[in-house]
Structure formats: C-alpha cells, structure tokens
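*Asks:* Mind looking over this structure? Questions follow.
The values are calculated or read from the model by the stated rules, or taken from the named source; none is laboratory data. Here the structure is a predicted model, which is why all the values come from computation and not from measurement. All Cβ positions, glycine included, derive from the backbone under ideal geometry; neighbour counts span all protein chains shown. Accessible surface areas use protein heavy atoms only, side chains included; no ligands, DNA or RNA. Shrake-Rupley method; radii C 1.70, N 1.55, O 1.52, S 1.80 Å.
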Amino acid sequence: MGIKELIGKGESTFHGSIASREHNVALTAAKLNGVLVAPGDVFSFNQTVGDISAATGFQAAYIIKDGRTILGDGGGVCQGSTTLFRAVLDAGLPILERQAHAYRVSYYEQNAKPGFDATVYDPTADLKFKNDTPGHILIQTKVDLVKNYLRIEFYGTGDGRKVSIGNIRLWNQTPPPPDIYQDDPSLPAGTVKQVDWKAWGAKAAFDWKVVRNGEVLQEKTFFSNYRPWQAVYLKGTGG
C-alpha cells in the first residue's frame, strides 16, 4: 500500500483544558487514528469524525457558536482539526478547504504562532486535503492527557517534495472590547462566573510552498482574520 515512512506530522498542546475538553480531544484523536487515505482520494475531517454529539460519546465543553463561547457537545474537536492542519502543511499535501477560528484561541498559540489553526463545524466548516502521493496515507495519533499533548503523524510514500513555510505576518492588531457583565438568575446572588475570555484581534498570514525536483507543486498564502474578543462574566441574581 506504500506505507513506508513518516511523511508529515503536526503537534499541539492544550494546557488548561477542562476535563470534558480533554476527553473530546482524546475521542477525536481515536476517530482519526488508523484512517487510510488512498492515492487520489480527498480526506474530509467532518466525514471522518462523524456526528459530534452526546450520542457518539462527546461531552459538553466550550465551543464558539453565534458569536459567543458557550458550552456545547464537542468542545475540543478543533484541537484535532488544528493539529491535522499542521500535519497536512508539513506533508505538503494539497489543502482544499480550511477556515480559521473567529478569534485567537489560546490553546492553538501555546506551541505555534497565530494562524496555524483550523476550525470545523459541520456542515459550514470542514478541513479537506487530497492525497496526491503514490501510496496510501496512514494517519496515526498520539495523545498524552498528563502533558496535554497531541501529535498526528502521516505515514506513506515520500516522493522528494520539500516544504517551506514563511514567517507569520501580523497586522491590524486591535485590543479586546471592555468586559461584559450579564445578569444570570440561574446563579446565586453574589456569584460571578467567567464564560468568555478576552483576546486581541488581528489579521495573520503566512506563505506555504511545496517543491519537488524544481517543480512547484503547491504555493499558497493562508490568511486568518481574528476578531477582538471580550471577556464575559455572569452575575448571579438568583435566590
């Protein structure tokens, strides 16, 4: 099948994740582990991972939805898509679909520069790549919940392609808006609970080029447009 050597890898850390997010990171990695992508086939993250809900074992953790950070099934799945995106970049495979997050998520900048993330939300956002190598690609994942570390590896047939990634460019950096405090009758009076965290807005870009024997196989600039994000606190007004 042409599975001979390591052809690409991606790494990320997720220090500070709540237990349910760690669970979802590990479950997502398990669904990716052992997947085979045949030569010429297109890989879809959403199709591979499948339904993300409590029915398929995912737990409630923080997700971005409708301009808010809320608790929802599958928080942490994007740790998998982000790490996979980095593996695809490293392997030099054609990237057919990738979207950045709405704002800069701290997990994805723990061991990488801004802009190296990929969000997924079926059916509006997916991560897709094509296997244009001579052999099958085997995806293998490694998760360490003690060190909060995720690694995704691609094994296949190396064909001599070389990948170069330019320096990240950041501009239009804007500070977070003022904090918001919202009354919440479900919390006891006097209680304050933070549900969203501030982040600077910015535009980010980096250049990616794949060359084999002097021929340019891929050349692309990846852009990310991150909104400034405000911290949100809930103030208890209940009995």
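*Asks:* Does anyone have the angle between helix 77-91 and the longest principal axis of the chain? Alpha-carbon axes, 0 to 90°, nearest 10?
*Replies:* With both axes taken from Cα atoms, the answer is about 30 degrees.
*Asks:* Principal axes first, then extents: for the Cα atoms of the stretch 1-142, list largest minus smallest coordinate on each axis, whole Å, largest first.
*Replies:* Reported extents, whole Å, longest axis first: 43, 34, 27.
*Asks:* Okay, next question. Taking a ≥ b ≥ c as the square roots of the Cα gyration tensor eigenvalues, with a/c under 1.5 meaning rounded and otherwise prolate when a/b beats b/c, else oblate, which class fits the stretch 179-239?
*Replies:* prolate
*Asks:* Here's something else I'd like to know. Convert each backbone phi in the stretch 207-213 into a coupling constant with the Karplus relation 6.51 cos²θ - 1.76 cosθ + 1.60 (shift: θ = phi - 60°), then list the ³J(HN,Hα) values in order as whole Hz, x for Gly and Pro.
*Replies:* Going residue by residue, I get 9, 10, 9, 10, 10, 9, 6 Hz, with x marking Gly and Pro.
*Asks:* Right, something else. What whole-number value in Å² describes the accessible area per residue of the chain for a 1.4 Å probe?
*Replies:* 48
*Asks:* Tell me the carbon and sulfur percent of the accessible area for the chain, rounded to whole percent, probe radius 1.4 Å.
*Replies:* That share works out to 51 percent.
*Asks:* Okay, moving on. Mind running the shape call on the stretch 129-239? Use the C-alpha gyration tensor, a ≥ b ≥ c as the square roots of the eigenvalues: rounded below 1.5 for a/c, prolate if a/b tops b/c, oblate otherwise.
*Replies:* Since a/c reaches 1.5 but b/c is at least a/b, the shape of the stretch 129-239 is classed as oblate.
*Asks:* Also, I was wondering about something else. Starting from the Cα of Lys130, step 7 Å along the direction of its Cβ; do the same at Leu96; then give the gap between the two resulting points in nm.
*Replies:* 0.7
*Asks:* Can you give the Rg to Rh ratio of the stretch 156-210, both from alpha-carbon atoms, with Rh computed by the Kirkwood formula?
*Replies:* Rg/Rh: 1.34.
*Asks:* Run the numbers on the stretch 156-239 and let me know its relative contact order in percent, using alpha-carbon pairs under 8 Å that are six or more apart.
*Replies:* 43
*Asks:* Picking from Ile63, Val232, Asn111, whose Cα lies most toward the positive end of the charge dipole for the chain (charges on Cβ: Lys, Arg +1; Asp, Glu -1)?
*Replies:* Asn111
*Asks:* Now a separate question. Using Cα-only point scatterers and the Debye equation, what is log10 of I(q)/I(0) for the stretch 38-110 at each q in 0.13 Å⁻¹, rounded to two decimals?
*Replies:* Taking Cα atoms of the stretch 38-110 as identical point scatterers yields -0.46.
*Asks:* Follow-up. Would you please calculate the Kirkwood hydrodynamic radius of the stretch 65-168 over all C-alpha pairs and express it in Å, rounded to one decimal?
*Replies:* Details: mean 1/r = 0.0660 Å⁻¹.
Result for the stretch 65-168, one decimal place: 15.1 Å.
*Asks:* Once you charge only the Cβ atoms, +1 for Lys and Arg and -1 for Asp and Glu, what is the size of the charge dipole of the stretch 199-239 about its Cα centre, to the nearest 20 debye?
*Replies:* 200
*Asks:* When N counts the residues of the stretch 79-129, how does its alpha-carbon radius of gyration compare numerically with 2.2 N^0.38 Å, as a ratio?
*Replies:* It is 1.07.
*Asks:* Here is a further query. For the chain, what is the relative contact order in percent, using Cα pairs closer than 8 Å and at least 6 residues apart in sequence?
*Replies:* After rounding, I find 24 percent.
*Asks:* Which far-off residues, 5 or more places away or on another chain, put their amide H under 5 Å from the one on Val232, with H placed in the peptide plane?
*Replies:* Those lying under 5 Å, H to H, from Val232 are Ile180, Val195, Asp196, Trp197.
*Asks:* Going by alpha carbons, how many degrees (0 to 90, nearest 10) lie between the helix axis of 19-32 and the longest principal axis of the chain?
*Replies:* It is inclined by approximately 20 degrees.
*Asks:* Let me ask you something else. Can you tell me the length gained on complete extension of the stretch Val146 to Lys209, counting 0.36 nm per residue apart and subtracting the Cα distance?
*Replies:* 19.2 nm
*Asks:* Based on alpha-carbon centroids, what's the gap between the stretch 166-191 and the stretch 90-119 in Å, whole number please?
*Replies:* 21
*Asks:* Can you compute the charge dipole magnitude of the chain about its Cα centre, using +1 on each Lys and Arg Cβ and -1 on each Asp and Glu Cβ, nothing else charged? Give it in debye, rounded to the nearest 20.
*Replies:* Result for the chain is approximately 500 debye, rounded to the nearest 20.
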